[in-house]
Amino acid sequence: MDSTLNTNGDDAAEEQHSSLLTCSFNQDGGCLAIGTTHGFSIHNLHPYQCSVSRKLQGGIGVVEMLFRCNLIALVGGGPSPNSPPHRVLIWDDHLQKAIGELSFRQVVLSVKLRRDAIAVALKDRIYVYHLADLSLRDKIYTADNPHGLLCVSTTAVQDMVVSCPSVTEGHVRVELYGMRKTVLIPAHESSLRGLALTADGTKLATASTKGTVIRVWNVANSSCLFEFRRGVERVSITCLAFSWDHAFLACTSDKGTAHVFEVSASSSEKKSWLASVRKSIEGETKKSISQIRGIPRPMACAFLPDPPHTLAVVGWDGRGNGVLSLSDFSKEEASRIAYHVIAKSASVPFHKGIPDPPAAPEQCGKLYVGESVNVLEEGMKEITFQEDDGFVSVSTNHDETEPAENGEANENKEAPEKTDDEEETKEAS
């Protein structure tokens, strides 16, 4: 449920005027993390509150939360990055500094976290690491993946599911680690533009660069369960997101409209891909049950766990401000619940009609609730998670063995020889 907006032309000019660079929702949809040209901040969605605001020496181009704990993955970005964009920093907000680092030869496009793993998407490959010690678990080669498409299941610890583009254009590769099985899904004829996994990894949503049709797949047997019609005009999909209970699927695009589709469990799971295509030709493909407007340049969306039938959409308004809207989609025409400005434009005058975002105190609140957090700076070994009022406390037990130096993971053992493109990327960084 995350998106870093890659723009060109007029959109690129708009990005230069805005302090908002990227945004992502946490795994349960209750929190929003944004990266700006001067740091990052965490926002609780209901009730709305800016929980954490950290000013750094430079921009953050990728930010990923781990539920509601103090560990956050950061990647530098923007015109003046806080850190090189080919490095992933594991930030401990309790210590307010990086405690681990992953370094690559290519620019990092996206990062996904779960309780036992961290996955990183580069332009042509995916790396999966154990979160406890940042040791390499898997490396997956992909087709050209300029948008960093990558999904990771978040609920089942033992049965991790990872989905990403395959080496074949328009196809999706799904790794079922619990079953030690690889599934290849021929999702679209054109290149992929959007991916989303349910929290348990059983269903996968896909969209292509055409942006007119969204398909939902059964991961276990590669069958197409649903086909939804977003529209007839070609658009660029910016986000796909399932609700926590898998009942709904949301989609945002550069057209400025968010669509909500109902993923009905009553539909037959025996429907073949050919049957879905035939229904599309006959005009019987399902349409959205609700449409949400109000943000011209949406970047990401997520369903809130509470209140029900609430969708959060984040993006840019017409003046370059970063904005957040909450809408009730229980009816075909959604009604707005709340609207917040989360990052003011750096150079465009602020409009009087939109209220100021709440001022963050000098000493913002922590991301965890309960016992204090203790994490080894030299490495993260034996990480344990304890639930407490919906939050997660992260603790580390000291090991007699010597931890890895500086907590850094080295990909040199697994990586192939540098190509000319990789060398150029490293020099540019």
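The values are calculated or read from the model by the stated rules, or taken from the named source; none is laboratory data. The model shown is predicted, which means the values in this text are computed figures rather than measured ones. Using ideal geometry, Cβ is built from the backbone for each residue, glycine included, and neighbour counts are taken over all protein chains shown. The accessibility values were calculated without ligands, DNA or RNA, using every heavy atom of the protein model including side chains. Shrake-Rupley method; radii C 1.70, N 1.55, O 1.52, S 1.80 Å.
Just a few scattered comments:
- Checking ILE90 against (1) on the phi > 0 side of the Ramachandran plot; (2) not in a loop (DSSP other than H, G, I, E, B), the condition it does not meet: (1)
- Identity of the residue in region 130-156, farther than 19 Å from VAL108 by Cβ and under 19 Å from the mean Cα position of the chain (by Cα), that ends up most open to solvent (accessible area, probe 1.4 Å): THR155
- Count - residues of region 170-179 that are part of a strand (DSSP E or B) and either in contact (Cβ under 8 Å) with a residue 60 or more places away in the chain or surrounded by fewer than 20 Cβ atoms within 10 Å (Cβ to Cβ) (or both): 2
- Residue check, SER276 in contact with a strand residue (DSSP E or B) (Cβ under 8 Å, 6 or more places away or on another chain) and either loosely packed, with under 15 Cβ neighbours inside 10 Å or at pLDDT below 90 (or both): yes
- Matching option when the condition is surrounded by fewer than 16 Cβ atoms within 10 Å (Cβ to Cβ) and modelled with pLDDT of 95 or more, among VAL167, VAL120, VAL107: VAL167
- When LEU95, LEU195, LEU102, LEU134 are checked against the criterion of being farther than 22 Å from GLY29 by Cα, of a type outside the set (Asp, Glu) and assigned to a strand (DSSP E or B), LEU102 stands alone in meeting it.
- All positions within region 21-59 that are in a loop (DSSP other than H, G, I, E, B), touching a residue at least 24 places away in the same chain (Cβ under 8 Å) and either open to solvent by less than 10 Å² (accessible area, probe 1.4 Å) or of a type outside the set (Val, Ile, Thr) (or both): ASN26, GLN27, ASP28, GLY29, GLY30, HIS46, LEU56, GLN57, GLY58
- Leading residue by the ranking (modelled with the lowest pLDDT) among those in region 323-340 that are in contact with an Asp or Glu (Cβ under 7 Å, 6 or more places away or on another chain) and not polar (S, T, N, Q): ALA334
- Taken as a whole, region 100-116 holds no residue that is farther than 19 Å from LEU150 by Cα and of a type in the set (A, V, I, L, M).
- Exactly one residue out of SER236, SER264, SER268, SER253 is among the polar types (S, T, N, Q), modelled with pLDDT of 90 or more and surrounded by fewer than 21 Cβ atoms within 10 Å (Cβ to Cβ), and it is SER236.
- Of the residues making up region 203-235, those that are without any contact (Cβ under 8 Å) to a residue 40 or more places away in the chain and among the β-branched types (Val, Ile, Thr) are THR206, THR209, THR212, VAL232, VAL235.
- Pairs linking a residue in region 236-250 that is farther than 12 Å from ILE289 by Cβ to a residue that is aromatic (Phe, Trp, Tyr) and crowded, with 24+ Cβ neighbours inside 10 Å, with Cβ atoms under 8 Å and 6 or more positions apart or on different chains, are ALA241/PHE25; ALA241/PHE303; PHE242/PHE303; SER243/PHE303; TRP244/PHE303.
- Checked against the criterion of being more than 20 Å from the chain's Cα centre (by Cα) and within 23 Å of ALA338 (Cα to Cα), the candidates GLN96, GLN57, GLN49 yield just one match: GLN49.
- Inside region 69-91, residues that are under 18 Å from the mean Cα position of the chain (by Cα), without any contact (Cβ under 8 Å) to a residue 24 or more places away in the chain and open to solvent by 20 Å² or more (accessible area, probe 1.4 Å) make up a count of 3.
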